[in-house]
Amino acid sequence: MPYWFVGRPVQVKVAEQLSEVFHEHQRIACHERSRVRYRHTTLPEHMPPEHWAYKQQSKDRFVAWVEQIGVQTTAQVHAIFQGRDHEEQAFRTLKGLQRLAQQYGKTRLEAACRRANVFGLVGLRRIRTILETHLDADAIPQESPSVLVVEHANVRGPQYFH
């Protein structure tokens, strides 16, 4: 039944083939009964706008949005998608990135994603922390820290594999 009737008193008439919903003696919905057990069959035009928007989410829409922000944020979004088994599992995280873009601005989000990408960090929490602590404004070191090579009898080294 249409979402704008939620919370209003209605009468439901259920027959073998049809289900009908009435409000103040006016029929507001009539649907053929689904034979699929334990599944709902909501018509898109009966959904509230926020549910309709949720159902319209797709990887293509998120990628189109992120490409307007910048290369670093696009790389972060692709990394988020790669970290999930199913695209839909990334949507909630990406909605969070969209909120961060509204809250902090696209420029700061791009700078935060650049920092996260340099240090190999992926995810909404890490980006949010960078923004909250203003690390997006700090300079990123150009050279990576040197790795101290330890000489020891138990360390085989690269020549071992040749």
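A few comments on the model shown:
- Residue count for the stretch 132-156, restricted to those that are surrounded by 10 or more Cβ atoms within 10 Å (Cβ to Cβ) and either at pLDDT below 75 or part of a helix (DSSP H, G or I) (or both): 4
- Of all residues in the stretch 15-42, those satisfying the criterion of being surrounded by 10 or more Cβ atoms within 10 Å (Cβ to Cβ), of a type outside the set (Phe, Trp, Tyr) and in a strand (DSSP E or B) are LEU18, SER19, GLU20, VAL21, HIS23, ARG27, ILE28, ALA29, CYS30, HIS31.
- Cβ pairs under 6 Å, 6+ apart, first in the stretch 68-97 and under 16 Å from CYS113 (Cα atoms), second open to solvent by 60 Å² or more (accessible area, probe 1.4 Å) and assigned to a helix (DSSP H, G or I): ILE69/LYS106; GLN72/ARG114; THR74/GLU67
- Here GLU45 fulfils each of the conditions (1) under 30 Å from CYS30 (Cα atoms); (2) assigned to a loop (DSSP other than H, G, I, E, B) apart from (2).
- Of the numbered criteria (1) in a loop (DSSP other than H, G, I, E, B); (2) modelled with pLDDT under 85; (3) at negative phi; (4) not aliphatic (A, V, I, L, M), the one ARG8 fails is (2).
- Pairs where the first residue, in the stretch 1-22, is within 18 Å of LEU43 (Cβ to Cβ) and the second is assigned to a strand (DSSP E or B) and among the hydroxyl-bearing types (Ser, Thr, Tyr), C-beta under 7 Å, 6+ apart: VAL12/SER19
The values are calculated or read from the model by the stated rules, or taken from the named source; none is laboratory data. Model, not experiment: these values are computed from the prediction. Cβ coordinates were reconstructed from backbone atoms using ideal geometry, including for glycine residues, and neighbour counts include every protein chain displayed. We work out accessible area using only protein heavy atoms, side chains counted, and drop any ligands, DNA or RNA first. Shrake-Rupley method; radii C 1.70, N 1.55, O 1.52, S 1.80 Å.
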